[in-house]
Amino acid sequence: MNSCPTPAMPTRLRRVDKRAAAVGLLLAALAAQAHEAADGAIPDEPGWRIGAAAAVVAADADARWPSERWRGVLTTGSAPRRISGGLRAEHAVLDAGVRLNGVLGASVAVGWHDREPAHLEAARVHARWAWGADGLEAGAGRRTVPMGAVIDGAGHFDPAFNQPPLAQRGVLDSPWIDDGVTLAWTREVERGLQKVELGAWRGQAFPAARDGAVVPTLHLQLGWDHAGAHLFAARLRPEGRGAAAVTAGAAGHSHGSLDCRRTLAQRVCFDGRSDVAGASLQWASDDERWAASAAWLARRERGTLYSTSGSADHRATLHGWWLDLSWRPHPAWTLTLRPERLVPRVQVHGIGATALAREAGLDGAQPVERLGLSLGWQLHPAARLSVELGHERQGAAQVSQAALRLLLNLPEALGGRWQGR
């Protein structure tokens with residue numbers, strides 16, 4: 001395993017206008033942070049709740065941050081909004097949950113990215129029943145496809161870092177939000193198998209496509225006292241999954257792939273099979289001063305890559321990992337170190353394969369490495385301020401960044417219980 005370079009401070013951290021900063025922090029405080037899993041937004045007892053979430057970041061870097069795209073990594077061609085060089089409203093969510101009785105509940109969440117229109121992140125009905133000493137759960141609707149706490153908790157509103165891990169962005173492009181149904185069996189035990197969850201998804205979001213088969217998923221949860229583990233697997237059969245061609249520039253931020261059924265202009269398309277797998281581990285000491293978590297994600301694709309330039313056989317394997325090591329010297333302070341790596345392996349064979357690979361950005365594939373260090377200060381149970389340094393590289397391309405970030409948390413800004421229950 002190659003080692004990542006030591007984080008370097010950018011040449012200078014640009015001054016942020018104090019008045020703009022004050023306005024940004026005020027807006028963040030009004031929005032607040034409470035980005036939970038769809039079922040976690042439902043109250044445990046009959047009643048209702050409304051929460052909100054926001055993250056505000058002031059960042060600087062010696063090159064574009066976050067990176068626009070990586071060579072050898074095929075996603076949607078969508079580039080994250082550039083956050084370096086000023087104050088940005090990173091992400092915001094307004095969510096609500098209701099529990100009608102001991103069985104039925106529902107949740108809904110609407111999200112916003114910086115300067116992007118609102119989008120529906122969750123709209124889900126959930127049911128639970130006791131089954132002897134165990135439990136059964138069923139859900140239907142829109143939500144983030146569940147892969148486990150470590151993977152699901154990375155990305156938006158990660159407490160320590162302003163960008164999702166390399167593996168999460170490379171394999172999934174963005175949080176995998178889709179419409180589907182789930183059925184789960186749960187056990188209240190400290191050791192052993194704790195949950196088996198089956199899912200069937202419409203397959204409208206990357207790495208699926210707008211035209212493809214239903215996506216089956218399997219999620220397992222295990223525990224051993226202070227340690228936990230999650231395993232995940234999915235099989236997708238995308239048809240006409242499009243990505244913006246390198247020659248077309250980066251597409252704006254989106255939650256889905258381009259549709260090749262409409263046009264092939266300025267896009268590269270994929271038909272075939274895509275297998276996604278994930279695993280994660282987490283541990284905390286008895287006094288919770290030390291914590292560690294690790295995650296691995298992979299995507300294996302076999303099929304046809306095509307554009308207006310031609311068609312070729314496409315075989316690719318993309319896998320990556322990240323490791324979080326956290327120390328709390330004081331209840332209000334947390335120091336987190338995150339090394340991570342993403343490795344693309346690509347083969348494109350056929351007439352015009354070289355030109356097609358260049359068009360898709362698959363030429364020059366090399367591992368991507370990043371090392372981040374974050375110091376977080378819990379100002380208030382609902383507010384966290386963090387300072388972050390990081391360095392990322394792929395071959396000769398490198399970027400160092402520094403960021404000041406505010407997260408606010410009001411998981412139950414409003415709420416109540418049903419009378420007489």
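If you look at the Cα atoms of segment 257-386, you get an Rg and a Dmax of 21.0, 61 Å. The alpha carbon radius of gyration of the chain, expressed as a multiple of 2.2 N^0.38 Å, is 0.98. Charged neighbours of ILE177, selected by a Cβ distance under 10 Å, balance to -1 (K, R count +1; D, E count -1). Be a star and scan segment 315-336 for residues whose amide nitrogen sits under 18 Å from the point 7 Å along the Cα-to-Cβ vector of ALA284. Backbone N within reach: 324-336.
What is the Cα centroid distance between segment 378-399 and segment 153-223, reported in whole angstrom? Value for the Cα centre distance between the two parts: 24 Å.
Among LEU362, LEU172, LEU120, the largest mean-square fluctuation in a Gaussian network model of the chain (Cα springs under 10 Å) belongs to LEU120.
As a rough guide to protection, the peptides 106-117, 58-69 ranked by mean Cβ packing within 10 Å, highest first, stand as 58-69, 106-117. Remark: the chain carries 46 Å² of accessible area per residue (probe radius 1.4 Å; ligands, DNA and RNA excluded). Computed packing ranks the peptides 371-384, 148-161, 92-105 as 148-161, 92-105, 371-384, most packed first, by mean other Cβ atoms within 10 Å. In the chain, helices alone account for a calculated mean residue ellipticity at 222 nm of -2000 deg cm²/dmol, with every DSSP H run of four or more residues adding -39,500 (n - 2.57). Anisotropy class assigned to segment 120-216 is oblate, per the alpha carbon gyration tensor with a/c at or over the 1.5 cut-off and a/b no larger than b/c. For the peptides 130-137, 385-392, residues were scored by their other Cβ atoms within 10 Å and the scores averaged per peptide; the highest-first order is 385-392, 130-137.
Add +1 for every Lys or Arg and -1 for every Asp or Glu among the other residues with Cβ under 9 Å from the Cβ of THR75, and state the total. Neighbourhood net charge equals +1. Segment 277-295 and segment 308-332 have Cα centres spaced 18 Å apart.
ALA63 sits among other residues whose Cβ lies under 12 Å from its own Cβ, and their net charge, with Lys and Arg +1 and Asp and Glu -1, is -1. The distance between label points at LEU120 and THR308 comes to 3.4 nm (points 7 Å beyond Cα on the Cα→Cβ vector). Shape analysis of segment 187-229 based on the Cα gyration tensor places the equivalent ellipsoid semi-axes at 31, 10, 5 Å, largest first.
Between ALA355 and TRP377, the contour length at 0.36 nm per residue exceeds the alpha carbon distance by 3.0 nm.
The values are calculated or read from the model by the stated rules, or taken from the named source; none is laboratory data. Every value quoted in this text rests on a predicted model; they were computed, and no experiment measured them. Counting neighbours? That spans all protein chains shown, and the Cβs are built from the backbone with ideal geometry, glycine included. Heavy atoms of the whole protein, side chains included, go into the accessibility calculation; ligands, DNA and RNA do not. Shrake-Rupley method; radii C 1.70, N 1.55, O 1.52, S 1.80 Å.
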